[in-house]
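Input: a single structure, listed below in structure tokens.
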Amino acid sequence: MSTVRGEFSSRFGFIMAAAGSAVGLGNIWGFPTQTASNGGAAFVLVYLVLAFCLAYPALMAELVIGRHGQANAVSSLQKLSGNAFNKRFAFGVGFGGIICAGLILSFYAIVAGWMFSATLEPIAKLTSLSDTAQWLNSQSLARDLIFTALFVVLTISIISKGVENGIEKWSKRLMPALLGILFLLIAYVLMQEGASEGLKAYLVPDFSSILNPELLVSALGQAFFSLSLGTSVMIIYGSYISRQENLVSLGAYVTLIDVFIAFVAGLLIIPAMYVAQAQGVEIFGPSGQLLSEDTLVFQVLPALFESMGEVGLFVGFAFFALMSIAALTSSISMLEAPVSYAVERFALSRLQATWVIGGLISLVSFTIIFNFSSLFGFVVSLTTQFGQPLIGMFCCIFVGWIWHRNGLLTEIKSGYPDAEHSVFWKIWPWYIKFVCPLAIALVFIHTL
Ligand code: PHE
């Protein structure tokens, strides 16, 4: 076991790192496209309720497990388990989370690679390298392999530097940059013709679709993915928080920032779709549904950028740079989950562990790229529809049923001495015990 563990050096550093993990393609791509395909503002409303009422309590469960354990996810969960059966259960949940994080990284890196190549394409065009631009823009095995590898190497190079000099330092740089680019783009798009119609679709809910079960399932899945739950990532990040910090407010900040950025990303993407429509780009599919997913990001928006002429190259560059940064601050957290386990369990050096695990994850990514049509969707649903909700639910069960209530209170009270008399303590333990596991199980069963 290595004895010296990293720790976030400041409150701000933790918030940027955890919000960096949470804010990713899920916010800037997933949330707006889900909103577009699930009836606009109704989805936004349901998402907000679920994020605060279900995802935030589950996030708190993971953070508190990590801070109490001061170790990787497996050891932290095992520390809560008194008997052999619970210890085995703890191993399954912790290790399952680590595998889930690694698998998510293996498909996330492919998508992030697309974002990278789309960021470079406008630069190639500006410098009149039209063949290169054409290559960057067309799907090919070589392009996907190269950019996925590039993205994994970048992630490895940050994680190999450790908590303070790697994760924290880079999150503190990249997150403000992300916000800056996001707001500049919104200001630009909202000034274009057609934007107000998009705003209306985004902000005025059609209440009739709010209780649609499909919509509930999508919104809960989206909230879990967005807060990086059920992957042991938040257990690890929790283990790097000092005992002097108030966990309850830290978790709340992370949730608020995550939800805020998803909401703000919607203010960019949905109006941009309508601006694109005003410029003649098709945004509705044959059945009258809004186009979504990859069509939106890789066809509708580029068509919009194209129609802007020379400015479009800069806007396109800024947009895909934004996507790439968001992906990077998330991918570093995914790699940290297995790396912290390997370092603490097998006494590997951080550098060794990072390269070995990064290499393994690249191999999985390459396998997915070579068998894209059969594997990509499979790995996405395996991890996000099954792995994350199940593991998230088990973490709630650990905190609600296995951990002794007094022990839990002591952990929450460190950094928050008045916790016992707070509204949080009146509601949350009960919530984590009954409401969260039940709600997640219901949604899970519905997915099946
Ligand atoms: N939360 C990230 C996003 O929204 C994705 C993620 C999932 C990160 C699981 C870490 C673990 O894009």
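The values are calculated or read from the model by the stated rules, or taken from the named source; none is laboratory data. As the structure is a computational prediction, the values presented were derived from the model and not from experiment. All Cβ positions, glycine included, derive from the backbone under ideal geometry; neighbour counts span all protein chains shown. Calculation scope for accessible area: heavy atoms of the full protein, side chains included, ligands and nucleic acids excluded. Shrake-Rupley method; radii C 1.70, N 1.55, O 1.52, S 1.80 Å.
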* Enter the Cα centre distance for the pair region 186-236 and region 157-180, rounded to the nearest angstrom. => 26
* Structure fact -> region 71-89 scanned against label point 7 Å out from Glu7 along Cα→C-beta; backbone N under 13 Å for 71
* Computed label-point distance, nm, for sites Ile445 and Leu126 using a 7 Å Cα→Cβ extension -> 5.5
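Ratio of region 1-112's C-alpha Rg to 2.2 N^0.38 Å, to two decimals? Spell out each step's value before the answer.
On the way: Rg = 17.2 Å, N = 112, 2.2 N^0.38 = 13.2 Å.
Its radius of gyration relative to the 2.2 N^0.38 Å reference: 1.30.
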* For every other residue with a beta carbon closer than 13 angstrom to the beta carbon of Ala73, add +1 if it is Lys or Arg and -1 if Asp or Glu, then tell me the sum. => 0
* Helix by helix, which DSSP H runs in the chain go 15 Å or more along their axis at the Cα atoms and have an average Kyte-Doolittle hydropathy of -1.0 or more? -> 11-22, 56-69, 84-126, 141-159, 169-190, 213-226, 247-278, 310-346, 350-370, 436-447
* Asked: What share of Cα pairs, in percent, lie more than 13 angstrom apart in region 370-438?
  -> 71
* To do: Quick one: give the max-minus-min coordinate of the C-alpha atoms of the chain along each principal axis, largest first, in Å.
  => 64, 51, 40
* Multiply the residue gap between Glu164 and Asp206 by 0.36 nm, knock off their C-alpha separation, and tell me the result in nm, one decimal place. => 10.5 nm
* For region 237-391, what log10 I(q)/I(0) values come out of the Debye formula at q = 0.10 1/Å, with one point per alpha carbon and no solvent? -> -0.59
* Structure fact -> Per principal axis, largest first, the Cα atoms of region 134-264 extend in Å by 48, 47, 31
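Please list, by residue number, every one of the chymotrypsin sites (Phe, Trp or Tyr not before Pro) in region 74-108 that is coil in DSSP and has at most 16 other beta-carbon atoms within 10 Å.
Numbers: sites: Phe85, Phe89, Phe91, Phe95, Phe107, Tyr108; in loops: none.
Taking region 74-108 and a limit of 16 other Cβ atoms within 10 Å, no loop chymotrypsin sites (Phe, Trp or Tyr not before Pro) are found.
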* Asked: Say R0 is 45 Å: what FRET efficiency, to the nearest 0.05, do Phe314 and Gln352 get from their beta-carbon distance?
  -> 0.60
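Might you tell me the accessible area per residue for region 32-125, computed with a 1.4 Å probe and given in Å²?
Details: 2570 Å² over 94 residues.
Accessible surface, normalised per residue, equals 27 Å².
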* Under a 1.4 Å probe, what is the accessible area of region 301-448 per residue, stated in Å²? -> 45
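Round to a whole number: what % of the accessible area of the chain belongs to carbon and sulfur, probe 1.4 Å? Show your work: numbers first, answer last.
Numbers: 11970 of 17920 Å².
The C+S portion of the solvent-accessible surface of the chain is 67 percent.
Could you list the square roots of 5 times each eigenvalue of the Cα gyration tensor of region 45-180, that is, the equivalent ellipsoid semi-axes, sorted largest first and rounded to whole Å?
Values: eigenvalues 293, 67, 52 Å².
Values for region 45-180, descending: 38, 18, 16 Å.
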* Structure fact -> Net charge near Ile236 (other residues with Cβ under 11 Å of its Cβ; Lys, Arg +1; Asp, Glu -1) is -1
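Restricting attention to region 172-234, which GluC sites (Glu not before Pro) occupy a DSSP loop and are surrounded by at most 13 other Cβ atoms within 10 Å?
Numbers: sites: Glu193, Glu197, Glu214; in loops: Glu193.
Here the sparse-neighbourhood loop sites are Glu193.
Quick one: putting +1 on the C-beta of Lys and Arg, -1 on the C-beta of Asp and Glu, what dipole do you get for region 11-447 around its Cα centre, in Debye to the nearest 20?
Numbers: 19 positive and 22 negative charges, 313 e Å.
That gives a dipole near 1500 debye.
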* Structure fact -> With 0.36 nm assigned to each residue of separation and the Cα-Cα distance removed, Ser242 to Ser140 gains 32.1 nm
* With point charges of +1 on the Cβ of Lys and Arg and -1 on the Cβ of Asp and Glu, referenced to the Cα centre of region 11-447, which listed residue (Ala223, Leu184, Leu301) lies farthest in the positive direction of the dipole? -> Ala223
